Amino acid sequence: MPGEHRFELPGLTLAAEVWGSPGERPVLASHGWLDNAGSFALLAPLLPQCEIVALDLAGHGKSGWRSADSAYNIWQDVGDLLGVADALGWQR
């Protein structure tokens with residue numbers, strides 16, 4: 001059963017499901033369009049040597065929505081992924 005975590009980024013809260021333990025191989029999992037972190041529910045338990053943080057990207061699953069003057073595209077998601085990696089203290 002995954003743990004739940006929330007990441008507070010500037011103007012946005014992202015939800016995540018987390019498997020594994022801190023210190024294991026870090027994996028930041030990002031789902032496809034019109035999906036959510038639950039996409040990794042079957043795969044993640046098969047990778048016990050990893051700490052998997054599966055995000056609900058902005059506007060998906062339990063994450064918040066972007067502001068009305070914003071858009072939903074891969075370039076904004078990349079910034080969010082980097083923000084989460086920084087919040088986790090991951091160097092790679």
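The values are calculated or read from the model by the stated rules, or taken from the named source; none is laboratory data. Since the model is a prediction, treat every value here as computed from it, not as a measurement. Neighbour counts are summed over all protein chains in view; Cβ atoms, including those assigned to glycine, are modelled from backbone coordinates with ideal geometry. These accessible areas exclude ligands, DNA and RNA; they are computed on the full protein's heavy atoms, side chains included. Shrake-Rupley method; radii C 1.70, N 1.55, O 1.52, S 1.80 Å.
Rolling a 1.4 Å probe across the protein heavy atoms gives the chain an accessible surface of 63 Å² per residue.
With both residues required to sit in the chain, DSSP beta bridges show an antiparallel share near 65%.
Scanning the chain for chymotrypsin sites (Phe, Trp or Tyr not before Pro) that sit in a DSSP loop and have at most 12 other Cβ atoms within 10 Å, the longest stretch containing none of them is 1-32. Converting phi to 3J(HN,Hα) with the Karplus coefficients 6.51, -1.76 and 1.60 and the offset θ = phi - 60°, the range 70-80 yields 9, 10, 10, 8, 4, 5, 6, 4, 4, x, 5 Hz in sequence order, with x at every glycine or proline. Overall, the ratio between the Cα radius of gyration of the chain and 2.2 N^0.38 Å, rounded to two decimals, is 1.03.
With both labels modelled 7 Å from their Cα along Cα-to-Cβ, the Trp90 to Thr13 distance reads 2.2 nm.
Remark: spin-label model distance Trp33-Ala68 equals 2.5 nm, labels positioned 7 Å along the Cα→Cβ axis.
Of the GluC sites (Glu not before Pro) found in the range 1-91, those that fall in a DSSP loop while having at most 15 other beta-carbon atoms within 10 Å are Glu24.
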